[in-house]
Structures are given as structure tokens and as C-alpha cells.
Amino acid sequence: DEICITVNKGHRFATEFGLRPRYHAAVDAIHLSPEFIPVYGEWEAFQRETNATFLLSVELADRLRTQGLSVANYEVKQYLISIYFDRLRRLVPLDLRFVQPGYVSVIHFAIIAALYMGFRKIYLLGCDMDFFLNPNEPLTHSYDTGQENIPAATSGELFGWDQVDLLKWAHVEFRSFKQLGELARKQDSHIANAGKGGCLNVFAREPLESIFGG
């Protein structure tokens, strides 16, 4: 009975475990690559099955249209990547009717959506944020099935950077998480990391078992 937001190819994880997310977010430019076209059909079927509202970047929504898929039921939101925007000096109110600058991943965007909708308790699952640790090892996710036609890329290949550049990018992402935590506190909301692994220690760790009393 919780409101769940899945992201990217997380619809596969949700389908496998019988979850029915209320929302699904996808904003990353990588999904505009030709190899992700088959995922669009999966998204459409997932939306039809769960009636989830899709939070998409304008670019992704436009690409779905070019593939002949209906976007009538998708809630399209603008998304802007800007590593130069410093929220330490200027906090922009969370308002999804307008561009939200300064955030750089779908995880940040999902948190923004949750805060905008007034959620008081936000728990993150699967947000390991450890892509910079081993840049030469395959980057995998909880929803990877091993049946993909595309080999899992390393984070170095995915970004085209060495570990020094990945560390620099991680700093941008972690700083954004920190600012979202501060914005959450300002509106009396709480963000916690319910995952067991990974490097995202910006938020307090709260095991999923403790949240649901398991």
C-alpha cells in the first residue's frame, strides 16, 4: 500500500516481483540511443498493465511519438542537466511546472517528483551510486536479466571517462543529493536509503525490514 516510483528499466524488476508502481520516471539521454528502442514497447505495455503515470523528459516523449507509440497518458515534464548550477547559493523551489536545473540523474528527478507531490517519507532502493569504484567492471542493475543482446558496459565505457573524471561526476551527483536532503528538511520531509549496499551515505540508512516491521 505504498506509492512506488520506478525508474529507467526498473519496470522489469517491478514486473518480476508483482509491484504496481504509481509512477515511472525516465529522463536520461541514453534512452534516446537506438539500442533502447525495444524498451519503448516494454514501457508502453507496462503503462497499460499498471496504469502508472510516466514522468518523461520532453526529448523521450518526442522519441516515443516517432516510434508510433501513444503518449496521451504520459505526464511529460521538462528536465535540464546543468552541472554549473550551485544550489548551495540559490535554492530553487521545487515546481515541476517549470524547468528544474542542477540535477543530473533520474534518481534526483524521482526525488524531486516525490517532494513536489508532498511525500513526507521517501525511501530509496537500489541507488548504489558506486559507478566510480571499479570503472573497468560491467555496470549492472537489479533489473538486468542477462538475456540482453547488448553486453553490459563498464561505467568507463558508458561515460567515456577514466576514474578521475568519474569521481568528479560523482561529486556533482552527491552534492545534488545533499541539497535535496536539505530541501526535504525545509518542507518537513524525510529521505532515507533503504538499500543494504552501495556508497550513497548522504541519507540515513534505514533497512527495509525495519521500515515495514519485518
Please determine, by comparing only the residues of region 31-48 that are loosely packed, with under 13 Cβ neighbours inside 10 Å and in contact (Cβ under 8 Å) with a residue 12 or more places away in the chain, which one is farthest from Ala113 (Cα to Cα). Glu35
Matching residues in region 160-197 - criterion: being within 17 Å of Pro135 (Cα to Cα) and free of Cβ contacts under 8 Å to residues at least 24 places away in the same chain: Gly160, Val164, Asp165, Lys168, His171
Go through region 49-61 and count every residue that is open to solvent by 20 Å² or more (accessible area, probe 1.4 Å), within 12 Å of Arg22 (Cβ to Cβ) and in contact with a Phe, Trp or Tyr (Cβ under 8 Å, 6 or more places away or on another chain). 1
Which members of region 108-132 meet the condition of being in a loop (DSSP other than H, G, I, E, B) and hydrophobic (A, V, I, L, M, F, W, C)? Met117, Phe119, Leu125, Cys127, Met129, Phe131, Phe132
Looking at Gly68, is it modelled with pLDDT of 85 or more and over 16 Å from the mean Cα position of the chain (by Cα)? no
Select from region 156-201 the residues that are β-branched (Val, Ile, Thr) and open to solvent by less than 60 Å² (accessible area, probe 1.4 Å) and list them in ascending order. Val172, Ile191
Does region 156-168 hold any residues that are touching a helix residue (DSSP H, G or I) at 6+ places or on another chain (Cβ under 7 Å) and closer than 18 Å to His108 by Cβ, and which are they? Phe159, Leu166
Report the residue count in region 1-30 for those that are closer than 26 Å to Ala194 by Cβ, among the hydrophobic types (A, V, I, L, M, F, W, C) and either surrounded by fewer than 21 Cβ atoms within 10 Å (Cβ to Cβ) or modelled with pLDDT under 85 (or both). 8
On the given criteria, is Arg205 closer than 17 Å to Asp130 by Cα and either open to solvent by 50 Å² or more (accessible area, probe 1.4 Å) or not hydroxyl-bearing (Ser, Thr, Tyr) (or both)? yes
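The values are calculated or read from the model by the stated rules, or taken from the named source; none is laboratory data. Note that the structure is a prediction, hence the values are computed from the model and not measured. Glycine also receives a Cβ, built like all others from the backbone with ideal geometry; neighbour counts cover every protein chain displayed. Ligands, DNA and RNA are stripped out before the accessible areas are found, and what is left, the full protein with its side chains, is counted by its heavy atoms. Shrake-Rupley method; radii C 1.70, N 1.55, O 1.52, S 1.80 Å.
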